[in-house]
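Novice: Following this message is one structure expressed as structure tokens.
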Amino acid sequence: MLAVLLAIHVLAVTLWVGGMFFAHFMLRPSVMDPALNLGLESRVLLWSQVLQRFVRVVWVIVLLLPVTGYTMIIFYLGGLSAQPLHVHLMQGTAWIMIALFVHLYTGPFRRMQWMVKQLLIPEAGLYLGRIRTVVTVNMTIGMVTVVLATAGRYWL
């Protein structure tokens, strides 16, 4: 069972952090490419659809990660007090990521979606910029979290 929990946990993290990385470094520059000639409205509508799908997946992930992580710790790895420093740091960064995601969803994302429905495209574009900032911060924290989880035992 530990192997199944760990596999779910690692896949969830990979999808979340990898999805942010893909959006930031591959999709965003492609959408902004002048050769595609996408106007603001097309870009905002595209991102609205992309983010709507991604947010649904991340909601599942932010539920799975604590459940799988704490189940492994409590039932298979000796409890919280038996965990080394890097695991505690990983938990801390993970909760920061979850808090940032909840902020992103309840604030900029929902406002952007409302603006899109009202066809207030320039205003939706402003919220898209705020979303990009939160995603950039969260992606960076996610990469630190992955390093803590995988290599932290060798440094700390």
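Novice: Name the residues in the stretch 1-33 that are under 19 Å from VAL57 (Cβ atoms) and without any contact (Cβ under 8 Å) to a residue 24 or more places away in the chain, would you?
Specialist: ALA7, VAL10, LEU11, THR14, GLY18, PHE22, PHE25, MET26, LEU27
Novice: Which of the residues belonging to the stretch 120-146 are under 10 Å from the mean Cα position of the chain (by Cα) and either under 15 Å from THR106 (Cα atoms) or among the aliphatic types (A, V, I, L, M) (or both)?
Specialist: VAL134, VAL135, VAL137, MET139, ILE141
Novice: Name every residue in the stretch 1-30 that is among the β-branched types (Val, Ile, Thr) and either loosely packed, with under 12 Cβ neighbours inside 10 Å or modelled with pLDDT under 95 (or both), in order of residue number.
Specialist: VAL4
Novice: Let me ask you something else. Enumerate the helices (runs of 4 or more DSSP H) found wholly within the stretch 34-150, keeping only those where 3 or more residues are buried (at least 18 other Cβ atoms within 10 Å of the Cβ) and touching a residue at least 24 places away in the same chain (Cβ under 8 Å).
Specialist: 40-76, 85-104
Novice: Right, something else. Check the stretch 5-27 and report whether any residue there is farther than 19 Å from GLY142 by Cβ, under 20 Å from the mean Cα position of the chain (by Cα) and in a helix (DSSP H, G or I).
Specialist: Yes, the stretch 5-27 has at least one match.
Novice: Here's another thing I want to ask about it. Return the residues of the stretch 50-80 that are of a type in the set (Val, Ile, Thr) and either over 30 Å from LEU128 (Cβ atoms) or out of contact with any Phe, Trp or Tyr (no Cβ under 9 Å at 6 or more places or on another chain) (or both); say none if nothing qualifies.
Specialist: VAL50, VAL60, VAL67, THR68, THR71, ILE73, ILE74
Novice: Would it be correct to say that GLY125 is within 30 Å of ASP33 (Cβ to Cβ), in contact with a Lys or Arg (Cβ under 8 Å, 6 or more places away or on another chain) and of a type in the set (Gly, Ala, Ser)?
Specialist: Taking the combined requirement at face value, the residue satisfies it.
The values are calculated or read from the model by the stated rules, or taken from the named source; none is laboratory data. Everything numeric here is computed off the predicted structure, so don't read it as measured data. Glycine also receives a Cβ, built like all others from the backbone with ideal geometry; neighbour counts cover every protein chain displayed.
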